[in-house]
Amino acid sequence: MKNDLTRLLWALKGGAIINFGLLALTYSLASDSVDPAVVWPARIFFAVSAYRCLFPNRYVGNVVLHDSILSSTLVTRILATFSEVVYIYLFAYVIWTLNINQVGWVDGFATWMVVQVVISQGCVWWAILRSEPRYFYYEELGWWLIFALNALASVYLYSTAELPSNQALLLQLNLVFATGYLPWQVIHLWTLWKEARSAAGETQAQAPRDLKSGFRAALFERQPTTSADAWGGWVGIVWMTSYWALLIPLWIGLIVDILGEARGR
């Protein structure tokens, strides 16, 4: 990969168009039959993802494309907290809805997914505000667990529940995604662990910063750059494109299309 990502970072803005289009489609559903438990989380996710495509940010080092407060880690992280919780809630909602036989442990796994994403939010906030990069690793480890739980529940439902083909498709997507994501996330975790160890070696003699300083740094400290190393290399680019611009938005759009006018079980 070339060391300069200017073109790729600007191309990421195309993801905002995709997200705004998906957001508009949620308003085309008949208002009298819309399921708010599906549609409103999706709307939040699409809006935040569009924002992140326009103002990309990497928390490690407060790396930004645009030197603007709109790109700041604090603003981005506040928005991302809502976005991440609602999108995992949507994935859990798929499991709850398709668990037509109401198997207890399947519902439990779906609930665990939501609890785990909240725990991961705590980890990433602690990493940012206290400048302790190892908590980024713990956050992402939580994401690996979330999608492992999602895959296990999906395997069971796909093999035991008699579902319409479009609903079964959602389970198939869960399994296909897990096949690619879980090994990829191991690589991502490895890179985060290396970064955390490197940062720990550089700041071994320093105490973690206080929360007030952390909030100030997250709001005002920015490192405008298009360096591939600063943005996490190819792993970072694949992650941003898949998460904000293409894979996850389109997937959530499909969930809205299939379950958005349903009323749950």
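For segment 56-199, calculate the relative contact order in percent as a whole number, restricting contacts to Cα pairs under 8 Å that are 6 or more residues apart.
Details: 140 pairs, mean separation 30.0, N = 144.
About 21 percent, as a whole number.
Given the Cα-Cα distance of His66 and Ala168 and 0.36 nm per residue of separation, how much length would full extension add, in nm?
On the way: separation 102, 0.36 × 102 = 36.72 nm, distance 4.20 nm.
The span from His66 to Ala168 would gain 32.5 nm if fully extended.
Taking the number of other C-beta atoms within 10 Å as the exposure measure, put Phe177, Phe220, Phe82, Phe109 in order starting with the fewest.
Working: Phe177 19, Phe220 12, Phe82 15, Phe109 22.
Arranged by neighbour count, lowest to highest, Phe177, Phe220, Phe82, Phe109 become Phe220, Phe82, Phe177, Phe109.
Could you compute how fast segment 1-144 diffuses translationally, taking Rh as the Kirkwood radius over C-alpha pairs and applying Stokes-Einstein at 20 °C with viscosity 1.002 mPa s? Give it in µm² per second. Each step should come with its number before you reach the end.
Values: Rh = 17.0 Å.
After rounding, the answer is 126 µm²/s.
Sorted from fewest to most neighbouring beta carbons within 10 Å, what does the list Ile88, Ile237 look like?
Numbers: Ile88 24, Ile237 18.
Ordered from fewest to most neighbouring Cβ atoms within 10 Å, Ile88, Ile237 come out as Ile237, Ile88.
If you bin the C-alpha pair distances of segment 6-259 every 10 Å from 0, what whole percents do you get?
Whole-percent P(r) values from 0 Å outward: 7, 29, 36, 20, 7, 1, 0.
Rounded to the nearest 500 deg cm²/dmol, what is the calculated helix-only ellipticity per residue at 222 nm for the chain, with -39500 (n - 2.57) per DSSP H run of length n ≥ 4?
Values: 10 runs with 187 residues, N = 265.
Helix contribution divided over all residues of the chain: -24000 deg cm²/dmol.
Could you tell me whether segment 69-110 comes out rounded, prolate or oblate from its Cα gyration tensor? Rule is a ≥ b ≥ c as square roots of the eigenvalues, rounded for a/c under 1.5, then prolate if a/b exceeds b/c, otherwise oblate. Can you show the working numbers first?
Numbers: a/c = 8.34, a/b = 4.19, b/c = 1.99.
Taking the square roots of the gyration eigenvalues as a ≥ b ≥ c, segment 69-110 is prolate.
Taking the number of other C-beta atoms within 10 Å as the exposure measure, put Trp231, Trp193 in order starting with the fewest.
On the way: Trp231 24, Trp193 16.
Ascending Cβ contact count within 10 Å gives the list Trp193, Trp231.
What percent do you get for the relative contact order of segment 6-259 when only Cα pairs under 8 Å and 6+ apart count? Mind showing how you got there, number by number?
Values: 308 pairs, mean separation 74.4, N = 254.
The normalised contact order for segment 6-259 reaches 29 percent.
Give me, ordered by chain and number, the residues 5 or more places off Asp35 or on other chains with an amide H under 5 Å from its own placed amide H.
For Asp35, the qualifying residues are Glu261, Ala262.
In the chain, which whole DSSP H runs stretch at least 30 Å along their own axis (Cα) and average 0.5 or higher on the Kyte-Doolittle scale?
Details: long enough: 73-98 (37 Å, 1.47); 104-130 (39 Å, 1.02); 134-160 (40 Å, 0.47); 165-202 (54 Å, 0.25).
Long hydrophobic helices here: 73-98, 104-130.
Every read-out reported here was derived from the displayed coordinates using simple, explicitly stated rules and does not represent laboratory data. Everything numeric in this text was worked out from a predicted model, so none of it was measured. Every residue, glycine as well, gets a Cβ built from its backbone with ideal geometry; the counts of neighbours run over all protein chains shown.
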